[in-house]
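Let me begin by presenting the structure, written as structure tokens, before commenting on it.
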Amino acid sequence: DTAVSQTPKYLVTQMGNDKSIKCEQNLGHDTMYWYKQDSKKFLKIMFSYNNKELIINETVPNRFSPKSPDKAHLNLHINSLELGDSAVYFCASSQPADEQFFGPGTRLTVL
Amino acid sequence: GNSVTQMEGPVTLSEEAFLTINCTYTATGYPSLFWYVQYPGEGLQLLLKATKADDKGSNKGFEATYRKETTSFHLEKGSVQVSDSAVYFCALRSGAGSYQLTFGKGTKLSVIP
């Protein structure tokens, strides 16, 4: 069974479109995260939710909006996509302040 | 603020060579330290961790010792294999109860037969 899953794995879209990436974890964790990895492999936290409550909200454009319908899901919605949004987006989960488990990533390409 | 500095890659080694990837950090308080590994096309996996000074984390032949006096957490392996080819990330979490991981920029390792 996949612990942290993301869909889709690849996403190719045009500038200006709106897209969503879904994340689900079956580990029973309370905390979920979104990270962005750029072309140089640099990894940066974007958001974190604990028990459906936003606890980390780094400086990202407000075009990015996370939504946590329940503890097992954390989705990322992106409005008005720009070229600079092209990256690999990773979801992760953990128990509070414990080891983080990462999903396989979603490679977003904005044309 | 917190920061992690790793040696620049890429690093290319022959099979069975000795590996060191340097990592130093800046943090307030008493951080926990981690090494994550990212194999091609996959997400990150925890490789090892240390939660207090002088702790040694080890896994799959890799080791790293938490050195508070030098603020370092260097990753070592005595004999690398082709299957160790991946990107390695050093990370820290500052203090108990902190959720946020701060990552280094990653070091790509290629091991050739």
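Counting only residues that are polar (S, T, N, Q), surrounded by fewer than 11 Cβ atoms within 10 Å (Cβ to Cβ) and within 14 Å of another protein chain (Cβ to nearest Cβ), the stretch A:1-31 holds 1 of them.
Among the strands (runs of 3 or more DSSP E) confined to chain B, the ones with at least 1 residues that are more than 14 Å from chain A (Cβ to nearest Cβ) and under 12 Å from the mean Cα position of the chain (by Cα) are located at B:19-21, B:23-26, B:56-59, B:62-65, B:75-77. Checked against the criterion of being over 11 Å from A:Y89 (Cβ atoms), touching a Pro at 6+ places or on another chain (Cβ under 8 Å) and modelled with pLDDT under 90, the stretch A:37-44 contains not a single residue that satisfies it.
Go over the candidates A:L43, A:L108, A:L54, A:L11 one by one and state the one that is more than 27 Å from B:T107 (Cα to Cα) and in contact with a strand residue (DSSP E or B) (Cβ under 8 Å, 6 or more places away or on another chain). Talk me through it step by step, then tell me what you get.
On the way: A:L43 fails: more than 27 Å from B:T107 (Cα to Cα); A:L108 fails: more than 27 Å from B:T107 (Cα to Cα); A:L11 fails: more than 27 Å from B:T107 (Cα to Cα).
Within the list A:L43, A:L108, A:L54, A:L11, the selection yields A:L54.
The values are calculated or read from the model by the stated rules, or taken from the named source; none is laboratory data. None of these values were measured; they are calculated from a predicted model. For neighbour counting, all protein chains shown are included, and Cβ atoms are generated from backbone atoms with ideal geometry for every residue, glycine included.
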